[in-house]
Amino acid sequence: MSDNSSDSNADDKAGGGKRLPGRERRRFPDISSRAYEHPADRSALVALRKLSGFDTVFKALSGLLPERSLRLLFLSDSVRVSDQQFQHLHAMLLDACYILDLPKVPPMYVTQDPQPNAMCIGLDEPIIVVTTGLVELLDEEEMRAVVGHEVGHALSGHAVYRTILLFLTNFAIKIAWIPLGNLAVMAIVTALREWFRKSELSADRAGLLVGQDLRASMRGLMKIAGGNHLHEMNVDAFLAQAEEYEAGGDLRDSVLKILNVLPRTHPFTTVRAAELKKWAESRDYQRIMDGHYPRRAEDKDASVSDSFRESANHYAETVRSSKDPLMGLVRDIAGGASDLGGRLRDAFGGGPGPAPKEGPGAPGKDPKDPPGEPRP
């Protein structure tokens with residue numbers, strides 16, 4: 001079998017020596033997480049690590065978080081996926097690890113919770129957890145994309161920061177003794193959430209690399225947003241919501257968007273769908289599918305400055321192409337727009353200012369000019 005595809009041939013093995021599903025898909029030997037990581041994910045993580053006090057909290061929590069207790073909790077009160085339990089999920093997990101060439105298959109648990117959700121947590125080793133609500137909601141190909149999403153988190157090393165975010169959020173009162181103060185802790189939580197939202201975009205890409213079915217990825221996101229009512233939903237209309245969300249309103253709406261997203265660990269679902277579709281249509285995705293991608297063996301030689309430059313270019317392009325009113329204002333300021341006060345007033349819905357003054361003394365007028373005709 002070629003290294004670039006997976007099929008049901010007896011020689012196709014994943015962890016544990018299990019066969020892979022029959023649908024033809026590409027495999028990515030030694031793929032580096034740099035291949036699919038969103039530029040905003042990398043830059044947000046760099047910003048997080050530079051945040052004052054983060055190293056102190058990280059080092060303190062790394063030694064204090066009860067990871068062993070967490071593992072025992074899932075072992076005792078959830079169902080561990082294996083070749084004997086949730087066999088279809090076990091096959092998907094082995095397949096995802098094979099496609100992304102993850103050397104060690106992480107433990108996976110199904111936990112009773114009607115809320116559709118999945119997460120990859122753990123400090124020493126990642127653990128993947130999916131809820132019964134998610135398992136019952138998604139079909140096989142949609143679930144394959146989700147499992148690939150979580151394996152992408154594991155390959156990128158996201159589990160460590162996700163675990164710290166989980167504990168900081170849920171047990172903030174218990175860690176108030178950390179000599180940084182609650183404000184500093186909340187600043188780190190806010191920065192972690194900002195990074196994690198960006199990391200979700202990276203993991204969505206990993207899920208697409210595993211499933212290699214954009215329609216299934218889109219269906220899964222639609223179901224997470226609107227439930228198991230696909231016959232009532234439409235992908236194009238769903239993506240149009242993302243367009244309307246980005247472009248609609250004035251600066252007041254732009255501020256509200258920021259406030260709405262701050263408490264969330266995940267980006268809004270329509271935004272995730274639009275971002276994933278854009279990447280699936282990009283040259284970067286096609287190059288990966290053609291076998292041209294960064295290898296893990298090259299990670300040690302990867303240029304940090306190139307990563308910064310890529311992130312900077314991404315944000316610059318985001319500002320240039322965004323239809324959000326706030327981004328439009330940023331473009332105007334960067335371009336040296338005149339009459340900033342008037343543009344702010346219009347953007348916030350104040351409407352146009354008073355009519356220009358006519359007659360002698362009006363700007364651009366000369367007393368000798370005929371009425372109503374400005375002087376060149």
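The values are calculated or read from the model by the stated rules, or taken from the named source; none is laboratory data. The model shown is predicted, which means the values in this text are computed figures rather than measured ones. So basically every Cβ, Gly included, is an ideal-geometry build from the backbone, and we count neighbours across all protein chains shown.
Things to note:
- Listed by first and then second residue, the pairs linking a residue in segment 284-297 that is more than 14 Å from Arg27 (Cβ to Cβ) and at pLDDT below 95 to a residue that is in a helix (DSSP H, G or I) and of a type in the set (A, V, I, L, M, F, W, C), with Cβ atoms under 8 Å apart and 6 or more places separating them unless they lie on different chains, are Pro294/Ala35.
- Ser32 over 26 Å from the mean Cα position of the chain (by Cα), surrounded by 14 or more Cβ atoms within 10 Å (Cβ to Cβ) and either within 27 Å of Asp204 (Cβ to Cβ) or at pLDDT below 60 (or both): no
- Qualifying residue in segment 98-121 (condition: more than 26 Å from Arg193 (Cβ to Cβ), in contact with a strand residue (DSSP E or B) (Cβ under 9 Å, 6 or more places away or on another chain), crowded, with 22+ Cβ neighbours inside 10 Å and not hydroxyl-bearing (Ser, Thr, Tyr)): yes
- Among the residues of segment 70-100, those identified as of a type in the set (Val, Ile, Thr) and not in a helix (DSSP H, G or I) are Val79, Val81.
- The criterion of being part of a helix (DSSP H, G or I), at pLDDT below 75 and more than 21 Å from the chain's Cα centre (by Cα) does not hold for Ser311.
- Of all residues in segment 114-157, those that are within 18 Å of the chain's Cα centre (by Cα), at positive phi and without any contact (Cβ under 8 Å) to a residue 60 or more places away in the chain total 0.
- The single condition among (1) surrounded by 18 or more Cβ atoms within 10 Å (Cβ to Cβ); (2) modelled with pLDDT under 90; (3) over 15 Å from His153 (Cα atoms) that Leu45 does not satisfy is (3).
- Subset of segment 105-134 that is of a type in the set (D, E, K, R) and modelled with pLDDT under 95 - its residue that is farthest from Gln84 (Cα to Cα): Asp124
- Residue list for segment 201-220, restricted to those being surrounded by 20 or more Cβ atoms within 10 Å (Cβ to Cβ) and of a type in the set (A, V, I, L, M): Leu201, Ala203, Ala206, Leu208, Leu209, Val210, Ala216, Met218
- Restricting Lys198, Lys223 to those that are surrounded by fewer than 23 Cβ atoms within 10 Å (Cβ to Cβ), assigned to a helix (DSSP H, G or I) and modelled with pLDDT of 95 or more reduces the list to Lys223.
- Test for Lys257: is it modelled with pLDDT of 75 or more and of a type in the set (Lys, Arg): no
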